[in-house]
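Visitor: Before anything else, here's the structure in question.
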Amino acid sequence: MTTEPGESTPSHAPDDAHWMALALAQARLAAEAGEVPVGAVLVKDGQLVATGRNTPVAQHDPSAHAEINALRAGASAVGNYRLDGCELFVTLEPCAMCSGAMLHSRLARVVFGAADPKTGAAGSVLDLFAEPRLNHRTQVQGGVLADECAAVLQSFFQQRRSAARAQAEPLRDDALRTPAGRFEGLEGRGFAPHHVQDLPSLNGWRMHYIDEGAGNLQGTGDNVACCLCLHGPGEWGYFFRHFAGLPGLRTLVPDLIGFGRSDKPKRETPHTLAWHRDVLLEWLARLEAGPMVLVHSAAATELAALLQAAAPHRFVASLAAPDGGQFARDAWRAPFPDRGYEAALRALGPLASSSGPTAEQARTLAAQARNAMGYSTT
């Protein structure tokens with residue numbers, strides 16, 4: 001449920017987690033705008049007074065933190081620079097600047113999510129709210145939805161690091177790299193990108209993959225099923241958009257060289273299923289991935305069989321992913337701006353006519369994968 005400023009909340013009083021969830025929604029909007037994802041909401045008497053999110057980059061304003069923006073909007077809404085009786089919920093422990101503004105505004109209470117060990121001024125680096133010489137006391141509580149708040153920040157900075165690495169990784173003269181803009185607007189592509197380029201079998205080409213979900217480097221974790229999600233010719237990792245990241249799974253979703261966000265050799269010669277098999281096995285060894293379930297599209301059946309035959313100890317089971325039945329032509333076309341990018345299609349086959357499993361089919365498939373690993377689905 002989305003609550004607009006001034007709108008009454010349900011008859012029962014929402015708890016702190018409710019308001020922090022709204023602050024998290026603001027943080028995600030900040031991330032989408034390229035800002036550090038911090039969000040805040042201002043509440044009084046069970047009503048949402050104002051919202052705020054980080055905007056220093058967009059506004060060219062070092063003071064435009066989420067908390068400051070929420071306080072400014074709140075003061076304007078109530079017509080007073082004093083915000084007596086108000087509570088502020090923010091996804092990250094406030095810095096000294098924001099803490100000072102909160103004390104000046106006479107907030108009754110501040111609730112934050114993740115601690116900030118570098119600049120936090122509510123107990124991590126210093127605690128302005130506990131300073132006895134100040135003439136106002138604001139109650140402070142931390143740790144509300146802390147894991148969720150930290151995850152949003154971690155994902156944002158991971159994507160930034162991956163993008164920086166991608167810019168630093170050279171492109172072979174005999175290859176092409178699809179512009180990132182070709183993938184904008186596709187449903188379910190909010191996963192952190194990963195790249196590998198230094199595997200001997202890759203010969204300098206860069207392979208893109210996603211690695212979503214809990215689990216240690218061996219992919220087993222605590223009651224977590226590890227799945228290798230394998231697309232076939234004419235597809236890419238988008239096939240698994242509803243499957244990747246489901247609870248209880250660690251999903252490894254590579255884009256084969258020549259497809260998706262991976263490099264596109266200009267010639268057909270490299271593209272044999274045996275070579276793709278060797279690349280994948282070397283990559284899995286690099287990840288130190290343990291026993292897993294092999295989940296594959298119908299188009300990847302032959303490649304899946306090659307993988308299983310070459311490394312039967314790696315795969316507990318093989319599951320064919322169902323097809324939702326709606327042709328995803330725009331998504332399959334996205335990696336190929338023109339014919340120069342299509343060597344893999346010419347070598348292995350045309351664009352697929354599949355769509356990937358629906359959200360409901362993906363949940364069923366996840367339950368099957370967990371069962372195959374011997375984990376309960378309850």
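Visitor: Taking the residues in region 33-48 that are part of a loop (DSSP other than H, G, I, E, B) and over 27 Å from the mean Cα position of the chain (by Cα) as candidates, determine which candidate is nearest to Asn80 (Cα to Cα). Outline the logic, then answer.
Guide: Taking region 33-48 and keeping what is part of a loop (DSSP other than H, G, I, E, B), we get 33-38, 45-46.
With the extra rule that they be over 27 Å from the mean Cα position of the chain (by Cα), the set shrinks to 45-46.
Values: Asp45: 16, Gly46: 19 Å.
That would be Asp45.
Visitor: Moving to a separate point now. Answer yes or no as to whether Ala77 is open to solvent by less than 50 Å² (accessible area, probe 1.4 Å), farther than 29 Å from Ala192 by Cα, touching a residue at least 60 places away in the same chain (Cβ under 8 Å) and in the same structural domain as His136 (by the TED database). Show your work before the answer.
Guide: Working: open to solvent by less than 50 Å² (accessible area, probe 1.4 Å): no; farther than 29 Å from Ala192 by Cα: yes; touching a residue at least 60 places away in the same chain (Cβ under 8 Å): yes; in the same structural domain as His136 (by the TED database): yes.
No; evaluated as a whole, the condition is false for this residue.
Visitor: Going through region 294-312 one residue at a time, which ones are open to solvent by 10 Å² or more (accessible area, probe 1.4 Å), closer than 21 Å to Leu249 by Cβ and without any contact (Cβ under 8 Å) to a residue 60 or more places away in the chain? Walk me through how you get there before you give the answer.
Guide: Within region 294-312, the subset open to solvent by 10 Å² or more (accessible area, probe 1.4 Å) is 296, 298-299, 301-302, 305-306, 308-310, 312.
Next, only the ones that are closer than 21 Å to Leu249 by Cβ stay: 296, 298, 308.
Of everything in region 294-312, just one residue is open to solvent by 10 Å² or more (accessible area, probe 1.4 Å), closer than 21 Å to Leu249 by Cβ and without any contact (Cβ under 8 Å) to a residue 60 or more places away in the chain, namely Gln308.
Visitor: Also: Quick one: Arg189 ticks every box in (1) open to solvent by 60 Å² or more (accessible area, probe 1.4 Å); (2) within 25 Å of Leu29 (Cβ to Cβ); (3) modelled with pLDDT under 95 bar one, so which box is it?
Guide: Result: Arg189 fails condition (1) only.
Visitor: With respect to the numbered conditions (1) modelled with pLDDT of 90 or more; (2) within 13 Å of the chain's Cα centre (by Cα); (3) in a loop (DSSP other than H, G, I, E, B), which one is the sole condition not fulfilled by Thr178?
Guide: (2)
Visitor: Further, regarding this structure: How about region 132-153: which of its residues are exposed (fewer than 13 other Cβ atoms within 10 Å of the Cβ) and outside any loop (DSSP other than H, G, I, E, B)?
Guide: Listed by number, the residues that qualify are Gln139, Asp147.
Visitor: Continuing with this model, one more query. For Ser262, state whether it is in a loop (DSSP other than H, G, I, E, B), more than 23 Å from Met207 (Cα to Cα) and among the hydroxyl-bearing types (Ser, Thr, Tyr).
Guide: Judged against the criteria, Ser262 is not a match.
Visitor: Now for a separate question. Any residue at all in region 70-81 that's small (Gly, Ala, Ser), assigned to a helix (DSSP H, G or I), touching a Cys at 6+ places or on another chain (Cβ under 7 Å) and modelled with pLDDT of 95 or more? Lay out the reasoning, then the answer.
Guide: Applying the first criterion (small (Gly, Ala, Ser)) to region 70-81 yields 70, 73-77, 79.
Cutting the leftovers down to assigned to a helix (DSSP H, G or I) gives us 70, 73-77.
Retained after the next criterion (residues that are touching a Cys at 6+ places or on another chain (Cβ under 7 Å)): 74.
Next, from what is left, pick out any that are modelled with pLDDT of 95 or more: 74.
So far as region 70-81 goes, yes, one or more of its residues are small (Gly, Ala, Ser), assigned to a helix (DSSP H, G or I), touching a Cys at 6+ places or on another chain (Cβ under 7 Å) and modelled with pLDDT of 95 or more.
Visitor: Restricting attention to region 267-293, report how many residues are touching a Gly at 6+ places or on another chain (Cβ under 6 Å) and open to solvent by 70 Å² or more (accessible area, probe 1.4 Å).
Guide: Result for region 267-293: 0.
Visitor: Answer yes or no: is there a residue in region 317-337 that is assigned by the TED database to the domain that holds Ala367, basic (Lys, Arg) and under 18 Å from Pro254 (Cβ atoms). Reasoning before the result, please.
Guide: The initial filter retains those residues of region 317-337 that are assigned by the TED database to the domain that holds Ala367, namely 317-337.
Within this subset, residues satisfying the condition of being basic (Lys, Arg) are 329, 333.
Next cut, under 18 Å from Pro254 (Cβ atoms) only: none.
Looking through region 317-337, none of the residues is assigned by the TED database to the domain that holds Ala367, basic (Lys, Arg) and under 18 Å from Pro254 (Cβ atoms).
Visitor: Could you tell me whether Trp275 is in the same structural domain as Ala225 (by the TED database), in a helix (DSSP H, G or I), in contact with a Ser or Thr (Cβ under 8 Å, 6 or more places away or on another chain) and aromatic (Phe, Trp, Tyr)? Steps first, please.
Guide: Working: in the same structural domain as Ala225 (by the TED database): yes; in a helix (DSSP H, G or I): yes; in contact with a Ser or Thr (Cβ under 8 Å, 6 or more places away or on another chain): yes; aromatic (Phe, Trp, Tyr): yes.
Yes: the conditions hold for Trp275.
Visitor: Separate question: From the list Ala309, Ala305, Ala344, Ala274, which residue is within 23 Å of Pro179 (Cα to Cα), over 27 Å from the mean Cα position of the chain (by Cα) and either of a type in the set (Ser, Thr, Tyr) or at pLDDT 95 or above (or both)?
Guide: Working: Ala309 fails: within 23 Å of Pro179 (Cα to Cα); Ala305 fails: within 23 Å of Pro179 (Cα to Cα); Ala274 fails: within 23 Å of Pro179 (Cα to Cα).
Of Ala309, Ala305, Ala344, Ala274, the one residue that is within 23 Å of Pro179 (Cα to Cα), over 27 Å from the mean Cα position of the chain (by Cα) and either of a type in the set (Ser, Thr, Tyr) or at pLDDT 95 or above (or both) is Ala344.
Visitor: Sticking with this one: From the set of residues in region 148-175 that are of a type in the set (A, V, I, L, M) and at pLDDT below 90, which is nearest to the chain's Cα centre (by Cα)?
Guide: My answer is Ala163.
Visitor: For the structure I just gave you, tell me whether Leu252 is in contact (Cβ under 8 Å) with a residue 40 or more places away in the chain, closer than 20 Å to Gly213 by Cα, in contact with an Asp or Glu (Cβ under 6 Å, 6 or more places away or on another chain) and not β-branched (Val, Ile, Thr). Let's see the steps before the verdict.
Guide: Numbers: in contact (Cβ under 8 Å) with a residue 40 or more places away in the chain: yes; closer than 20 Å to Gly213 by Cα: yes; in contact with an Asp or Glu (Cβ under 6 Å, 6 or more places away or on another chain): yes; not β-branched (Val, Ile, Thr): yes.
Considered against the rule, which asks whether it is in contact (Cβ under 8 Å) with a residue 40 or more places away in the chain, closer than 20 Å to Gly213 by Cα, in contact with an Asp or Glu (Cβ under 6 Å, 6 or more places away or on another chain) and not β-branched (Val, Ile, Thr), Leu252 comes out as yes.
Visitor: Taking region 84-104, which residues are open to solvent by less than 10 Å² (accessible area, probe 1.4 Å) and over 25 Å from the mean Cα position of the chain (by Cα)? Let's see the steps before the verdict.
Guide: Step one: filter region 84-104 for residues open to solvent by less than 10 Å² (accessible area, probe 1.4 Å), giving 86, 88-91, 93-94, 98-99, 102.
Hits for region 84-104 are Cys86, Leu88, Cys98, Ser99, Met102.
The values are calculated or read from the model by the stated rules, or taken from the named source; none is laboratory data. These numbers come from a predicted model, not from an experiment. Positions of Cβ are generated from backbone atoms using ideal geometry, with glycine treated the same way; all protein chains shown enter the neighbour counts. These area figures cover heavy atoms from the full protein model, side chains too; ligands, DNA and RNA do not enter into them. Shrake-Rupley method; radii C 1.70, N 1.55, O 1.52, S 1.80 Å.
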